[in-house]
Amino acid sequence: MGLTRTLYLMREHWKMINVEDISVARNHQTILKEITLSFKEGEFINIMGPSGSGKSTFLKLLNGLESFNGGVIRYDGRDILEIDPIDLRREVGYVFQVPYLFGEKVRENIEYPIKLGKLELDEDYVTEMLTSLNLKKEILDKKCKDLSGGEQQRISLLRSLMLRPKVLLLDEITSSLDPINTKLVEEFIKDIYKKYHITIILVTHSVEQAKRMGSRTVFFKEGTVFMDSTTEEFFSHQQKDFIKEFIES
């Protein structure tokens, strides 16, 4: 293998996710246009932008939940179209804005990813995660329909972590939570980020949440990347007019 190829592979590994010229169109409408972004291993990124700017669609692409019309997405140096979707989702977890729990009991949601991955359930890990989420172990035997909205979202978050993914995609997961549950979930996310050095990509519409969370912020506008900077720079006084208008609205 030549030196150039070796250096290329090293660089691609350093970039956990590499998105090149990705476009998405549905029903003759452009949703994303020639998006190029890279996310390093261990980064914590906010994705912001107005409603309809393509944020959620972009996030779903990274997990194989949406298809794209052009370009390429590489995960850990591999084209995601060549990766089995189940294998991809073992390493790239996704938590939806609206929590969805299946089956009758909460336990089914926790055990399902483990069975899918043909692994043994680590009871200590489950207990640790539940405690961090301010949930008692008894919740596992509750019926899903009896959980509050905040409890449902926390269980959805726990379910996404059962396979100990390398990347966690979070789509406005606190948008329907009250301030107490929002703070609890935010602190949990920051704790697992520090403890497990997981790569986190958080879609959020909340300016204050973005300030509290990721160290890098990407701003989408009309299906394109309008700004990509450190979060500190993003919220500085040198913002572009459109971003100022968004933040002040």
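A few notes on this one:
- Three-way shape call for the chain based on the alpha-carbon gyration tensor, with the a/c threshold at 1.5: oblate
- Each 5 Å bin from zero holds the following percent of Cα-Cα pairs in the range 63-111: 4, 15, 23, 20, 15, 11, 8, 3, 0.
- Y112 accessible area, 1.4 Å probe, all protein chains in place, Å² to nearest 10: 110 Å²
- Cross-link partners of K137 among aspartates and glutamates, defined as those whose alpha carbon lies under 12 angstrom from its own and excluding same-chain residues fewer than eight positions apart: E123, D124, E128.
- Table column - 3J(HN,Hα) (Hz), the range 151-158, Karplus curve with 6.51, -1.76, 1.60, x for Gly and Pro: 5, 4, 5, 5, 5, 4, 5, 4
- Computed from backbone phi, the HN-Hα couplings of the range 92-101 come to 10, x, 9, 10, 7, 4, 9, x, 10, 10 Hz, rounded to whole numbers (Karplus: 6.51 cos²θ - 1.76 cosθ + 1.60, θ = phi - 60°; Gly and Pro given as x).
- Solvent exposure of the chain as accessible area per residue, Å², 1.4 Å probe: 53 Å²
- Computed with every protein chain present, the accessible area of E108 is close to 80 Å² [probe 1.4 Å].
- Out-of-range pairs (alpha-carbon distance over 22 Å; input K40/K194; K166/K195; K60/K183; K33/K190): K60/K183; K33/K190
- If only the Cβ of Lys and Arg carry +1 and only the Cβ of Asp and Glu carry -1, the dipole of the chain around its Cα centre is close to 120 debye.
- Tilt relative to the chain, helix 179-196 - C-alpha long axis, 0 to 90 degrees, to 10: 80 degrees
- The slack in the chain from K115 to K33, taken as 0.36 nm per residue of separation less the alpha-carbon distance, amounts to 25.7 nm.
- Gaussian network model of the chain, springs between alpha carbon atoms under 10 Å - residue of S148, S160, S206 with greatest fluctuation: S148
- The range 54-191 - percent of accessible surface contributed by carbon and sulfur, probe 1.4 Å: 48 percent
- Under 5 Å between amide hydrogens, built in the peptide plane, is the criterion, and for G49 it picks out F220 among residues at least 5 positions away or on other chains.
- Residues whose amide H comes within less than 5 Å of that of Q97, counting only those at least five positions distant or on another chain, are D171 (H built at 1.01 Å from N in the peptide plane).
- Calculated [θ] (222 nm, deg cm²/dmol) that DSSP helices of n ≥ 4 give over the chain, each run adding -39,500 (n - 2.57): -11000 deg cm²/dmol
- The GNM of the chain, with springs linking C-alpha atoms under 10 angstrom apart, assigns the highest mean-square fluctuation among G223, G64, G103 to G103.
- Bridging of K115 to lysines at a Cα separation below 18 Å is possible for K105, once same-chain residues fewer than 8 apart are set aside.
- The chain, relative contact order [Cα under 8 Å, separation at least 6], %: 26 percent
- Separation of the D84 and K190 label points, Cα + 7 Å toward Cβ, nm: 3.9 nm
- Between E138 and V98, the simple spin-label model (points 7 angstrom out along Cα→Cβ) gives 3.1 nm.
- In a fully extended conformation the segment linking T127 and V72 would gain 15.9 nm over its present Cα-Cα distance, using 0.36 nm per residue.
The values are calculated or read from the model by the stated rules, or taken from the named source; none is laboratory data. Remember, it's a predicted structure, so these values are computed and weren't measured experimentally. Here the Cβ is made from the backbone with ideal geometry for all residues, glycine too, and neighbour counts use every protein chain on show. These accessible areas exclude ligands, DNA and RNA; they are computed on the full protein's heavy atoms, side chains included. Shrake-Rupley method; radii C 1.70, N 1.55, O 1.52, S 1.80 Å.
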